[in-house]
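Each remark here refers to the structure printed beneath this line.
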Amino acid sequence: MSKNIFKPAIDGIIFLFRSQRNAVIHLLVTFLVIVAGVYFDITKVEWIAILLCIGLVLVSEGMNTAIEQLGDAITKDNNQSIKKAKDVAAGAVLMAAIIAAVAGFVIFTPYLIKIFFS
């Protein structure tokens with residue numbers, strides 16, 4: 001039995017962030033959002049919403065990368081089914097990022113208004 005049952009998952013996470021520029025951007029935004037959450041001392045419910053959004057985006061990015069890798073392993077030729085699968089996966093990441101941005105706007109706008117207009 002393997003000593004580290006998490007090694008394949010850790011390898012996958014490392015591959016994701018080493019190979020995908022957008023995943024690194026999402027990670028940087030994650031860091032900034034966490035810093036903002038600490039700075040503004042957001043509520044527990046707001047933290048839960050933020051963490052769920054972060055998870056949604058990062059998991060979507062990981063699944064998108066997995067689908068891209070699998071499609072590329074199957075064929076390098078122009079395959080419309082693989083293209084559609086990749087497009088849908090990329091669209092899922094975009095939807096997750098938009099949802100996260102809207103949630104961040106809803107959560108952080110009142111805190112920013114207090115700073116700039118109080």
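The values are calculated or read from the model by the stated rules, or taken from the named source; none is laboratory data. Because the structure is predicted, anything quoted here is derived from the model rather than measured. Here the Cβ is made from the backbone with ideal geometry for all residues, glycine too, and neighbour counts use every protein chain on show.
Residues that are more than 19 Å from the chain's Cα centre (by Cα), aliphatic (A, V, I, L, M) and outside any helix (DSSP H, G or I) do occur in segment 34-52, at least one of them. When you check S60 against the structure, is it within 26 Å of V35 (Cα to Cα) and more than 19 Å from the chain's Cα centre (by Cα), yes or no? For S60, the condition - within 26 Å of V35 (Cα to Cα) and more than 19 Å from the chain's Cα centre (by Cα) - is not met. Within segment 59-107, the set of residues being assigned to a loop (DSSP other than H, G, I, E, B) and surrounded by 13 or more Cβ atoms within 10 Å (Cβ to Cβ) comprises just one member, N79. Only residues that are among the hydroxyl-bearing types (S, T, Y) and either modelled with pLDDT of 95 or more or not in a loop (DSSP other than H, G, I, E, B) (or both) were counted in segment 108-118, giving 2.
Residues satisfying the criterion are absent from segment 28-36 (criterion: touching a His at 6+ places or on another chain (Cβ under 6 Å) and not hydroxyl-bearing (S, T, Y)). Considering the conditions (1) surrounded by 15 or more Cβ atoms within 10 Å (Cβ to Cβ); (2) free of Cβ contacts under 8 Å to residues at least 40 places away in the same chain, I50 is excluded by exactly one of them, (2). Considering segment 1-46, the residues that are more than 30 Å from P110 (Cα to Cα) and charged (D, E, K, R) include one that is modelled with the lowest pLDDT, namely K3.
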